[in-house]
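The values are calculated or read from the model by the stated rules, or taken from the named source; none is laboratory data. Remember, it's a predicted structure, so these values are computed and weren't measured experimentally. Positions of Cβ are backbone-derived with ideal geometry, glycine not excepted, and every protein chain shown enters the neighbour counts. Calculation scope for accessible area: heavy atoms of the full protein, side chains included, ligands and nucleic acids excluded. Shrake-Rupley method; radii C 1.70, N 1.55, O 1.52, S 1.80 Å.
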Amino acid sequence: MSADMDMPRGQMRQNSVVQPLLTDLYQITMAFAYWKSGKVLDRAVFDLYFRKNPFQGEFTIFAGLGECLKFLENFYYSDSDIEYLKSTLPASVEPEFYEYLRNLTAQDVTLYAIEEGSVVFPRVPLIRVQGPLIMVQLLETTLLTLVNYASLMATNAARYRMVAGKNVSLLEFGLRRAQGPDGGLSASKYSYIGGFDGTSNVLAGKLFGIPVKGTHAHAYITSFTGVEDLQNKTLVHKETGITCDLLALAYTYRDSIASELGALVSEASDGELAALISFAIALPEGFMALVDTYDVKSIEASAKRQAHIGSLNVKPKLLTNGLAYGASKSVLNGGKNGLLISNSTMYCNNGCLKRGELGELYVRSGLLNFCAVALALSDLGYQAIGIRIDSGDLAYLSMTAREVFEKIAVKYNLPWFAKLTIVASNDINEETILSLNEQGHKIDCFGIGTHLVTCQKQPALGCVYKMVEINDQPRIKLSQDVGKVTMPGKKNAYRLYGADGHALIDLLQRSIEDPPQVGNKVLCRHPFQESKRAYVIPTRVESLYKVYWENGKICTPLPTLEETKNRVQVSLRTLRNDHKRNLNPTPYKVAVSDDLYNFIHDLWLQNAPIGELS
């Protein structure tokens, strides 16, 4: 994906796919038509912005600016590009046009932008590009593709971070579900910027310096049928160097703790135990195990364990709709018991198996085996990391696991055991996490894939790139849909803050206006509704635009990935909580100055056709 994968992290050149031909054909044909029309010396200004916040929210995170600047830095048409265009465009296109393209660079382009990682809002241009008309027109599609998905992804990740809270880790597990390899890499990068703690994507770890995390799949567990599959059963003690039989130790601990977990050793899978022993021997310092591969052998055996279940003192809370956990669900109405099956979960409504009792099925196999191996590792000087749960009632299973860990911590005087990490995956989305929060889950980390990287709740942001000025003359696009009317001319943007330190409003002004001043009354108007207006007396004024590209080079230092990640959280803290809440958030106000309001409407009247009645 990178043009130079051996460069130091943080100094990567742009993705080699990002080049002038990564554009729509009509940009090239327009460039030729401009050239043919003698508009080579024309200069234009374009705004890049979006019209509506994604995910039914009231904020967006701006991302992708760094990639846009790398694109400008490396903009040129290669010999092979020119040859391809000659074979694609009509034969009537003059050779001089291709020579024009061959010499085209971003030398005369100036780019203003809001800082990457900032909270942004509809209609406020994220980027303002000005320069030769043909050149800035040719940038349109590529800039849009670099900003649209990056901003959508960072926003999605930031929303997950907010609902999960500060104390829960978030890992991006979406590479296998992403829209191709470039989508996968972008998802890893921008989910990290948005607030995630790591990724399963190894290449993203190398290219961007993102922490890489992972466990193992169910396939690893099912590849073992019994302890006879173990080629090696021993492990060297971390401190003494003495070789010990890890399997024998695990057997001893499994027998010792089974009754306390309400489990029968005979119900636990020996194939699973063998797999966990093997994995622990391979990675004793990083023992994180998937524990939901097997249920016990029969429902009848489970029914006999009712007395043991009560000893755990867990009060299960289940959603009425298992689909909220991402589980596929079907109801089998035939038979006396009326079984409800959700993934590998089984419930009987005749009292034979209580709601939530499935947690004990996992306890009596995966959790029992894990604890036995973790305790055996502890005897050899190693501390296990934790477990991953990938199906079932995540709230109840996590509470069950945490209580088991706490009991064992007390029994064997191992305080760290009570704090083993519980990771949950399984098609998690925002609503899943909110529901789990209500149920008081004990999950330490969420591994999130499909809903995060594909942005299933809303697959596109919808940024647009509109001309607002040409040769110092303002341009306006009119539409019966007022939301699509553009705001003409070069504009500056300011964020005005109130006495409580929170952002009050974003204000767009004409570039020739003086900036708003702290303590002075500012008239803020809705751009298209005359009666909507208010005075604001800001306690702080933040100018949103910086010049990032001028005279053929990047002129404002680009932040590191970590700095951009921190910027997201700092910027989000400037918003009131009601703007950020998941349900019915309060819209954040974007206004225009009185001067810009009159300028827009005067130009509107000048350009709107006058009707005729007959």
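Among residues of region 554-573 that are farther than 19 Å from ASN156 by Cβ, those with a beta-carbon under 7 Å from a residue that is outside any strand (DSSP E or B) and among the basic types (Lys, Arg) at least six positions away or on a different chain give the pairs PRO559/ARG567. Here is the figure for region 266-289: residues that are in contact (Cβ under 8 Å) with a residue 24 or more places away in the chain and open to solvent by 10 Å² or more (accessible area, probe 1.4 Å) total 10. Considering only region 489-535, state which residues are at pLDDT below 95 and more than 26 Å from LYS580 (Cα to Cα). Matches in region 489-535: GLU530, SER531.
Can you find a residue that is surrounded by fewer than 16 Cβ atoms within 10 Å (Cβ to Cβ), hydrophobic (A, V, I, L, M, F, W, C) and within 30 Å of LEU434 (Cα to Cα) anywhere in region 584-596? No - not one qualifying residue is present in region 584-596. Within region 188-207, the set of residues being under 15 Å from the mean Cα position of the chain (by Cα) and among the hydrophobic types (A, V, I, L, M, F, W, C) comprises ILE193, PHE196, ALA204.
Residues in region 342-370 that are crowded, with 17+ Cβ neighbours inside 10 Å and among the polar types (S, T, N, Q) were compared, and the one that is modelled with the highest pLDDT is ASN369. Can you confirm whether region 518-532 contains a residue that is open to solvent by 10 Å² or more (accessible area, probe 1.4 Å), in contact (Cβ under 8 Å) with a residue 60 or more places away in the chain, closer than 23 Å to LEU572 by Cα and under 34 Å from the mean Cα position of the chain (by Cα)? Within region 518-532, none of the residues are open to solvent by 10 Å² or more (accessible area, probe 1.4 Å), in contact (Cβ under 8 Å) with a residue 60 or more places away in the chain, closer than 23 Å to LEU572 by Cα and under 34 Å from the mean Cα position of the chain (by Cα). Region 14-115 holds helices (runs of 4 or more DSSP H) entirely within its bounds, and those carrying 3 or more residues that are open to solvent by 10 Å² or more (accessible area, probe 1.4 Å) and among the acidic types (Asp, Glu) map to 79-88.
Can you tell me which residue within region 214-250, out of those that are within 39 Å of the chain's Cα centre (by Cα) and hydroxyl-bearing (Ser, Thr, Tyr), is farthest from GLY449 (Cα to Cα)? That would be THR225. Among the numbered conditions (1) within 34 Å of the chain's Cα centre (by Cα); (2) of a type in the set (Val, Ile, Thr); (3) modelled with pLDDT of 85 or more, the only one that VAL373 does not meet is (1). For the residues THR199, THR243, THR225, the requirement of being over 30 Å from ARG159 (Cα atoms), touching a strand residue (DSSP E or B) at 6+ places or on another chain (Cβ under 7 Å) and without any contact (Cβ under 8 Å) to a residue 60 or more places away in the chain singles out THR243. Report whether or not VAL129 is in contact with a strand residue (DSSP E or B) (Cβ under 8 Å, 6 or more places away or on another chain), part of a helix (DSSP H, G or I), open to solvent by less than 50 Å² (accessible area, probe 1.4 Å) and over 20 Å from VAL17 (Cβ atoms). Considered against the rule, which asks whether it is in contact with a strand residue (DSSP E or B) (Cβ under 8 Å, 6 or more places away or on another chain), part of a helix (DSSP H, G or I), open to solvent by less than 50 Å² (accessible area, probe 1.4 Å) and over 20 Å from VAL17 (Cβ atoms), VAL129 comes out as no.
Within region 451-479, track down each residue that is part of a loop (DSSP other than H, G, I, E, B) and under 14 Å from ASN607 (Cβ atoms).
ARG475, ILE476, LYS477, LEU478, SER479
What do you reckon, is PRO557 part of a loop (DSSP other than H, G, I, E, B), under 24 Å from LEU575 (Cβ atoms) and modelled with pLDDT under 95? Considered against the rule, which asks whether it is part of a loop (DSSP other than H, G, I, E, B), under 24 Å from LEU575 (Cβ atoms) and modelled with pLDDT under 95, PRO557 comes out as no. Being part of a helix (DSSP H, G or I), open to solvent by less than 50 Å² (accessible area, probe 1.4 Å) and among the aliphatic types (A, V, I, L, M) is the filter here; which residues of region 563-583 pass it? Within region 563-583, VAL568, LEU572 qualify. Among the residues examined, LYS491 qualifies as surrounded by 17 or more Cβ atoms within 10 Å (Cβ to Cβ), closer than 20 Å to SER593 by Cα and in contact with a helix residue (DSSP H, G or I) (Cβ under 9 Å, 6 or more places away or on another chain). Of the listed requirements (1) without any contact (Cβ under 8 Å) to a residue 40 or more places away in the chain; (2) exposed (fewer than 13 other Cβ atoms within 10 Å of the Cβ); (3) assigned to a loop (DSSP other than H, G, I, E, B), TYR535 misses just one: (3). Listed by first and then second residue, the pairs with beta-carbon distance under 6 Å, at least 6 apart or on different chains, first residue in region 39-50 and in contact (Cβ under 8 Å) with a residue 24 or more places away in the chain, second among the acidic types (Asp, Glu), are VAL45/GLU469. Considered as a group, the residues in region 597-611 that are among the aliphatic types (A, V, I, L, M) and farther than 18 Å from ASP506 by Cα include one that is least open to solvent (accessible area, probe 1.4 Å), and that residue is LEU603.
Take the residues in region 414-450 that are part of a helix (DSSP H, G or I), under 23 Å from the mean Cα position of the chain (by Cα) and of a type in the set (A, V, I, L, M), then tell me which one is farthest from THR215 (Cα to Cα). Don't jump to the end; show me each part of the working.
The initial filter retains those residues of region 414-450 that are part of a helix (DSSP H, G or I), namely 415-419, 430-438, 450.
Checking the rest, the ones that are also under 23 Å from the mean Cα position of the chain (by Cα) come to 430-438, 450.
Narrowing the set further to residues that are of a type in the set (A, V, I, L, M) leaves 433-434, 436.
Working: ILE433: 21, LEU434: 25, LEU436: 22 Å.
The selected residue is LEU434.
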